[in-house]
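Data block below; observations after.
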Amino acid sequence: MTSLHRERRCAESIARLAGRHILRERSQEVDISLKAPDDLVTNVDRSTERLIVERLRESFPDDRIAGEEFGHEQGSHGGEGERTWIIDPIDGTLNFAHGVPLYCVSIGLQIEGQTRVGVIYDPNRDEMFSAAEGQGAHLNGQPMAVSDVDGLAPAVLVTGFPLGDTDYFEWTMRQFDLLTRRSRGIRRLGSAAIDLAYVAAGRLDAFWEYGLNPWDTAAGILLVTEAGGKVTAINGSPFSVDGPSIVASNGHFHTALLDALQSVV
């Protein structure tokens with residue numbers, strides 16, 4: 001395994017460039033449309049993804065790229081050592097479209113199905129969260145770590161809500177009710193990538209959600225684990241970016257959180 005220094009630095013540079021592009025375009029008129037019911041997309045999502053793909057292709061021409069808006073671009077890196085960049089140009093599009101400054105750029109590099117580099121950039125706060133496997137997690141170049149909260153009662157949690165016509169929605173509502181009573185509080189920020197970055201930075205103590213996509217979590221899961229936290233599925237099995245659920249915590253009360261979540265499903 002290489003040091004991944006070049007990959008990490010390139011991802012940071014590209015994410016920052018994309019963030020500047022988003023802020024510049026946000027000052028102009030934004031075209032909003034629907035990809036699916038309750039799933040917004042803007043012209044800025046699409047132009048930002050094109051920019052990211054173009055820069056990644058310049059630096060890593062043989063790597064595969066999987067983006068939220070335009071799907072997969074094939075490179076020649078297949079089979080053993082397969083490398084895939086998983087990108088979300090704007091995680092938190094609904095916030096972005098409504099002028100709420102809670103959204104980010106997310107870029108993750110998976111090698112043989114495991115995230116080895118993760119970068120999340122919040123352009124509104126100029127905050128760069130980044131990690132490479134085995135090298136710790138950093139915020140604007142400084143080491144960051146998960147919180148030391150050791151139980152549900154003092155914990156501040158964060159979640160997101162899936163579509164209302166699914167079992168996931170009913171489960172989340174029951175879990176939200178239970179954990180609101182048992183924890184210090186629950187937040188809903190509207191960006192799973194930022195949720196994960198904040199758990200990694202110790203600002204929030206745990207995150208759970210159903211029905212996410214690989215581009216929502218690919219970068220953030222590495223931030224959490226490299227910052228000392230733990231990530232699993234809600235049933236306690238190993239997490240997969242293609243799986244139906246995620247729990248990311250500081251690790252100290254992970255089992256207690258899983259038990260609570262599973263008790264109302």
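Values quoted throughout were computed directly from the atomic coordinates according to the rules given, and no laboratory measurement underlies them. It should be emphasised that the depicted structure is a prediction, and the values quoted were computed from it without experimental measurement. Note: ideal-geometry Cβ built from the backbone for every residue, glycine included; neighbour counts use all protein chains shown.
Here is how the numbers come out for the structure above:
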| item | result |
| --- | --- |
| Equivalent ellipsoid semi-axes - Cα gyration tensor, the chain, angstrom | 28, 21, 17 |
| Debye, to nearest 20: dipole size of the chain, +1 on Lys, Arg Cβ, -1 on Asp, Glu Cβ | 700 debye |
| Spread of Cα-to-Cα distances over 5 Å intervals beginning at zero, given as percent, for region 195-265 | 3, 20, 32, 26, 15, 3, 0 |
| Orientation-averaged projected area, Cα convex hull of region 133-265 (nm²) | 7.3 nm² |
| Bridge type composition, region 156-262 - antiparallel percent by DSSP, nearest 5 | 60 percent |
| Check: region 5-144 dipole with +1 on Lys, Arg Cβ and -1 on Asp, Glu Cβ, in debye | 460 debye |
| Potential lengthening between Arg9 and Val30 on full extension [0.36 nm per residue; Cα-Cα distance subtracted] | 4.6 nm |
| In degrees, nearest ten, helix 167-182 long axis to first principal axis of the chain (Cα) | 60 degrees |
